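Read the structure below first, then the notes.
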Amino acid sequence: METVVISLGGSILIPGDNDHIFLREISDLIREQCGDKRIFIVCGGGKVARYYISTARDLGRPVWELDELGIGATRLNARLLQMALGDVAVDHIPTTAKEAVEVSSKGKVVVMGGTAPGHTTDAVSAMVAEEAKASRIVNATSVDAAYSADPRKFKDAKRLKRITFEELHTLVNVGVHGAGPSNVFDKLGAEIAMRKRIPIYIINGRNLAEMKRAILGQEVEGTLVGE
Ligand code: UTP
């Protein structure tokens, strides 16, 4: 049985543009794909998380409380996606990677958000992939691939079709210092995937044909991170 973990960015899930239509479409795709697989979907917080985090930051609250609000938003998004998926979704939102695997089964979809303060849902997806011994991670983001630098800031940024785990690691670490792309994948997540050699497909999450190819482990228009 194949296991696939999808990190579904909040900007994909709730951009605020007739979101129910996309939720229906992605749910149809996941329902069609999950029969012979075990699928985990880790939802990001998107605008809702950013709103709560920035408001609490303006109140002068400590970082761990901002994270707590972010986690709350990711779980709210997870619940929304669960509702869209209906019967095929496990009717519980796990709060740890271990619990996610415990409640999972073939033909069902485990939907969750964050787990603990100090990282993002990309890292959670890598933790779940490690725990579940997943074949691959699909990082469904609002960029269509990984680039050598932030394409919005650097005109000569190169689109990367295939990179190694080590190259991704370098890329996300450069991002921390402000020079490179910041949102390709979480640093901790990249470290876990590198250590466990779990391939990552970085794709435009709004492109469902691309999402299907990534779930199936086929060639994508985005970036494949692997050996
Ligand atoms: P996201 O995973 O959506 O963060 O979690 P992000 O990658 O920063 O957001 P995008 O993709 O750019 O929109 C939202 C916030 O929730 C907290 C963090 O503060 C994170 O920034 N969080 C999330 C945690 O503290 N722990 C988790 O396990 C998940």
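Here are the numbers for the structure shown:
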{"read-out": "Fraction of antiparallel bridges per DSSP, segment 1-112 only, in percent to nearest 5", "value": "0 percent"}
{"read-out": "Mean Cβ neighbour count within 10 Å, used as a protection proxy, ranking 95-107, 38-50 highest first", "value": "38-50, 95-107"}
{"read-out": "M83, M112, reordered so the largest accessible area comes first (probe 1.4 Å)", "value": "M83, M112"}
{"read-out": "Electrostatic dipole magnitude of the chain [Cβ: Lys, Arg +1; Asp, Glu -1; Cα centre; debye, to 20]", "value": "260 debye"}
{"read-out": "For the chain: accessible area per residue (Å², 1.4 Å)", "value": "47 Å²"}
{"read-out": "Kyte-Doolittle mean at least 0.5, axial Cα span of 24 Å or more - DSSP H helices of the chain", "value": "none"}
{"read-out": "Alpha-carbon centroid distance for the pair segment 120-157 / segment 82-99, whole angstrom", "value": "22 Å"}
{"read-out": "Rounded, prolate or oblate (a/c below 1.5 giving rounded, otherwise prolate when a/b exceeds b/c) for segment 60-156 by Cα gyration tensor", "value": "oblate"}
{"read-out": "Probe 1.4 Å - accessible area at Y51, Å² to nearest ten", "value": "130 Å²"}
{"read-out": "Carbon and sulfur %, accessible surface of the chain computed with the full protein complex present, 1.4 Å", "value": "53 percent"}
{"read-out": "Rounded to 5, the percent of DSSP beta bridges in the chain classed as antiparallel", "value": "15 percent"}
{"read-out": "Label-point gap, in nm, between W64 and K196 - each point 7 angstrom along Cα→Cβ", "value": "2.6 nm"}
{"read-out": "Sequence of I71, I215 from largest to smallest accessible area, 1.4 Å probe", "value": "I71, I215"}
{"read-out": "Cα gyration tensor category, rounded, prolate or oblate, for segment 1-77 with a/c compared to 1.5", "value": "oblate"}
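The values are calculated or read from the model by the stated rules, or taken from the named source; none is laboratory data. Note that the coordinates shown come from a computational prediction; the quantities given were computed from them, not determined experimentally. Cβ sites come from the backbone with ideal geometry, for glycine too, and all protein chains shown count toward neighbours. With ligands, DNA and RNA removed, areas are computed over all heavy atoms of the protein, side chains included. Shrake-Rupley method; radii C 1.70, N 1.55, O 1.52, S 1.80 Å.
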